[in-house]
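Structure record follows, encoded as structure tokens.
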Amino acid sequence: MNIKLTLNYSPNFNPKKRKASQIKFIIFHYTGMTTDSASLNRLTNSQSKVSSHYLIKNNGEVVMMVPDLYIAWHAGKSYWKNFKSLNKNSIGIEISNPGHNLRYKKFSKKQVQSILKISKFLIRKYKIKKKNILGHSDIAPNRKKDPGEKFPWKFLSKHKIGFWHNLSTKVLKENRKKKINILGKKNFYNNLSKIGYLIKSPKEIKKDKYLNLVSKAFQRRFRQELINGEIDQECLLISHNLAKKLN
């Protein structure tokens, strides 16, 4: 791998090794902390009960905390298509960023370059499909917002990391905020289910609230200019385009 790794091991992982064939996903996170050192402390503290395989610092330095074949504790209660609790099938990559509660900011150019390098290496090594490269909010929309709307999903997709729609900016802008009917909304959620999102609300949350959070997770990923949880014609078009591409 053409990338320098620093080692700083976390005690937070399952001691039993998994098979390489079990690794099917890459999940991106932001740390939600103001400094690299605070992020490292949390991810390597046995009391925190959280970890990831890699941390990308603000300067682009990549820290390995849990070797790939061990299960790190980064995804928590999560769902995608037929998968539950994605820790066992994924590699978690944390990226240093204060997050939505602490002055969320753009990811640095050096961080993005490191994301490209580490992702390409892992994709090749474990034959990870583009459709299985996700954000934490994709797999846990009722709990998480990361890596958020400033994460460069469109740019990464041009380098075959993750997936994106192929609709023009003109078409998108023309359909933004255009209202849709009940059938259109139903089609939107059907499309999200085809893409991989869990549409059935967990027991602890009301259906309407959950669907609003799923819509926001979708927007943070694929319509980053406007995150309002409201489904318009633009969202419907994007969801249809992606569902068609992925199935």
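The values are calculated or read from the model by the stated rules, or taken from the named source; none is laboratory data. Just so it is clear, the structure is predicted and the values come from calculations on it, not from any experiment. Because the Cβ atoms are built from the backbone with ideal geometry, glycine has one as well, and the counts that use them run over all protein chains shown.
A few comments on the model shown:
- Residue in the stretch 222-235 that is of a type in the set (A, V, I, L, M, F, W, C) and assigned by TED's automatic domain parsing to the domain that holds MET33 present: no
- Here SER51 passes the criteria (1) touching a residue at least 40 places away in the same chain (Cβ under 8 Å); (2) polar (S, T, N, Q); (3) under 18 Å from HIS136 (Cα atoms); (4) surrounded by fewer than 24 Cβ atoms within 10 Å (Cβ to Cβ) except the one numbered (4).
- A single entry from LYS49, LYS88, LYS77 fulfils the requirement of being over 22 Å from ASN2 (Cα atoms), in contact with a Ser or Thr (Cβ under 8 Å, 6 or more places away or on another chain) and either part of a loop (DSSP other than H, G, I, E, B) or assigned by TED's automatic domain parsing to the domain that holds ARG18 (or both): LYS77.
- Residue tally, condition out of contact with any Pro (no Cβ under 9 Å at 6 or more places or on another chain) and part of a helix (DSSP H, G or I), over the stretch 150-195: 26
- If the condition is being out of contact with any Pro (no Cβ under 6 Å at 6 or more places or on another chain), surrounded by 18 or more Cβ atoms within 10 Å (Cβ to Cβ) and not in a loop (DSSP other than H, G, I, E, B), then the stretch 30-41 contributes SER39, LEU40.
- Search result, residues across the stretch 212-221 that are surrounded by fewer than 21 Cβ atoms within 10 Å (Cβ to Cβ) and either modelled with pLDDT under 95 or not charged (D, E, K, R) (or both): ASN212, LEU213
- Among the residues of the stretch 102-112, those that are in a helix (DSSP H, G or I) and either under 17 Å from the mean Cα position of the chain (by Cα) or of a type in the set (Phe, Trp, Tyr) (or both) comprise GLN111, VAL112.
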